[in-house]
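The values are calculated or read from the model by the stated rules, or taken from the named source; none is laboratory data. No experiment lies behind these values; they were computed from the predicted model shown. Quick reminder, even Gly has a Cβ in these numbers, built from the backbone with ideal geometry, and neighbours come from all protein chains shown. These accessible areas exclude ligands, DNA and RNA; they are computed on the full protein's heavy atoms, side chains included. Shrake-Rupley method; radii C 1.70, N 1.55, O 1.52, S 1.80 Å.
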Amino acid sequence: MKTRVSELLGVTYPVIQGGMAWVAEYHLAAAVSNAGGLGVIGAASAPAEVVREQIRETKKRTDKPFGVNVMLLNPNAPEVAKIVIEEGVKVVTTGAGSPAQFMDAWKAAGVTVIPVVASVAMAKLMQRAGADAVVAEGMESGGHIGAQTTMTLVPQVADAVDIPVIAAGGIADGRGIAAAVMLGAEGVQLGTRFLVAEEAVVHDNYKERVIKAKDIDSEVTGTGTGHPIRVLRNKMSREYLKMERAGASFEELERLTLGSLRKAVIDGDVVNGSLMAGQSAGLVKKRQTCREMIEEMMREADALLH
Ligand code: TUI
């Protein structure tokens, strides 16, 4: 599947891996890139020097293009923004805000910039600021989400901007990719399916929860703080919602979320950990290598589109 997105990124398939906090580290990023997609290191709340190490480790494992996701709520974002330039990273995706303040420096350094947006207004703003493409992410996604669904957001963003649109949120198989193309997207970004990739250094307990998840097993915490986060339901999410109802501050809640994400991903604590995952968890049935996932999905999508 050749699109403006695969051309822009220099990849075989217009499939981008989401920059998932704790999950999107160099093993996963290199595996996705080696399989013909765009692997992405999730800087999340990691110290900037850790991100530099992650970039260097990815370079050792792949000579294909890869990206770094800069999470804009992270106080280290300005430092991470500088490091991606110093390390010669070719592609940056951003999440959870506007990367406008970094755009000039990135563009001057020849970085391809792909902000994740959750509204038409933000997509237009990003095009004006010089973005090369946008990811239009629906609220079916895991983690930090906007309020629009993928089905309605993607075609509206595609109508509003001239730069290529990449669809995200709820896509986990070839049917989703074909549907995204029908909606006007020229690429897709997937997170939840890659959570269970063989190369993802995610604890087995977390992977099993995703594989066992049914359609209705996720819920959204943080709607009251203005920072909604989709997770699989467990003791942690129930406690979070209780704290939220009791009026806990955004900072308190964010600390709880980020600390608990580590607990889930690294320690496999699926009771007290935060199991960020999208609604597509219900579609994710088996562990595979990134190559198997990407080739299977592209085969399905091609068959449907032709
Ligand atoms: O960023 C994500 N997903 C994430 S980041 C994350 S780490 C985290 N942990 C605890 C609290 C907060 C974050 C987990 N998942 N996806 C990309 C995304 N960006 N989704 C929605 C947006 C977005 C929202 C508002 C992008 C721009 C935006 O603009 C608002 C404005 O006007 O600044």
**Message:** Can you pull out every residue in the range 244-257 that is more than 14 Å from the ligand (Cβ to nearest atom) and aliphatic (A, V, I, L, M)?
**Reply:** Ala246
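Being more than 19 Å from Gly18 (Cβ to Cβ), open to solvent by 50 Å² or more (accessible area, probe 1.4 Å) and more than 12 Å from the ligand (Cβ to nearest atom), is that true of even one residue in the range 192-207?
Initial filter on the range 192-207 (more than 19 Å from Gly18 (Cβ to Cβ)): 204-205.
Cutting the leftovers down to open to solvent by 50 Å² or more (accessible area, probe 1.4 Å) gives us 204-205.
Applying the additional criterion that residues be more than 12 Å from the ligand (Cβ to nearest atom) yields 204-205.
Yes, the range 192-207 has at least one match.
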**Message:** Please verify whether Arg193 is closer than 19 Å to Arg291 by Cβ and assigned to a helix (DSSP H, G or I), treating the condition exactly as stated.
**Reply:** yes
**Asked** When both residues are 6+ apart or on different chains and their Cβ atoms are under 6 Å apart, which pairs have a first residue that lies in the range 271-287 and is more than 16 Å from Asp204 (Cβ to Cβ), and a second that is open to solvent by less than 70 Å² (accessible area, probe 1.4 Å) and hydroxyl-bearing (Ser, Thr, Tyr)?
**Response** Ser274/Thr257; Ser274/Ser260; Gly278/Ser141; Gly278/Thr192; Gln279/Ser218; Ser280/Thr192
**Prompt:** Which condition number in (1) on the phi < 0 side of the Ramachandran plot; (2) outside any strand (DSSP E or B); (3) not basic (Lys, Arg) is the one that Ala44 fails?
**Reply:** (1)
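Right, Met139: open to solvent by 40 Å² or more (accessible area, probe 1.4 Å) and under 16 Å from the mean Cα position of the chain (by Cα) or not? Show your work before the answer.
Working: open to solvent by 40 Å² or more (accessible area, probe 1.4 Å): yes; under 16 Å from the mean Cα position of the chain (by Cα): yes.
So Met139 passes the test.
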**Fill in**
Restricting attention to the range 90-132, the residues that are within 14 Å of the ligand (Cβ to nearest atom), buried (at least 21 other Cβ atoms within 10 Å of the Cβ) and in a loop (DSSP other than H, G, I, E, B) number exactly 3
**Asked** Does Lys2 meet the test of being modelled with pLDDT under 95, more than 16 Å from the ligand (Cβ to nearest atom) and either surrounded by fewer than 21 Cβ atoms within 10 Å (Cβ to Cβ) or of a type in the set (S, T, N, Q) (or both)?
**Response** yes
**Request:** Go through the range 247-275 and give me each residue that's open to solvent by 40 Å² or more (accessible area, probe 1.4 Å) and either within 17 Å of the chain's Cα centre (by Cα) or assigned by TED's automatic domain parsing to the domain that holds Arg193 (or both).
**Result:** Leu258, Arg262
**Item:** Scan of the range 249-276 for residues that are among the charged types (D, E, K, R) and not in a loop (DSSP other than H, G, I, E, B), ordered by number
**Value:** Glu251, Glu252, Glu254, Arg255, Arg262, Lys263, Asp267
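Please enumerate the residues belonging to the range 138-178 that are closer than 17 Å to Thr192 by Cα, part of a loop (DSSP other than H, G, I, E, B) and of a type in the set (A, V, I, L, M, F, W, C). Quick ask: steps written out before the conclusion?
The initial filter retains those residues of the range 138-178 that are closer than 17 Å to Thr192 by Cα, namely 138-146, 149-150, 166-177.
Imposing the further condition that a residue be part of a loop (DSSP other than H, G, I, E, B) reduces the set to 138-142, 145-146, 149, 169-173.
Correct list: Met139, Ile145, Ile171, Ala172.
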**Message:** Considering only residues that are buried (at least 23 other Cβ atoms within 10 Å of the Cβ), more than 16 Å from the chain's Cα centre (by Cα) and over 18 Å from Asp173 (Cβ atoms), which ones fall in the range 6-46?
**Reply:** Leu9, Val11
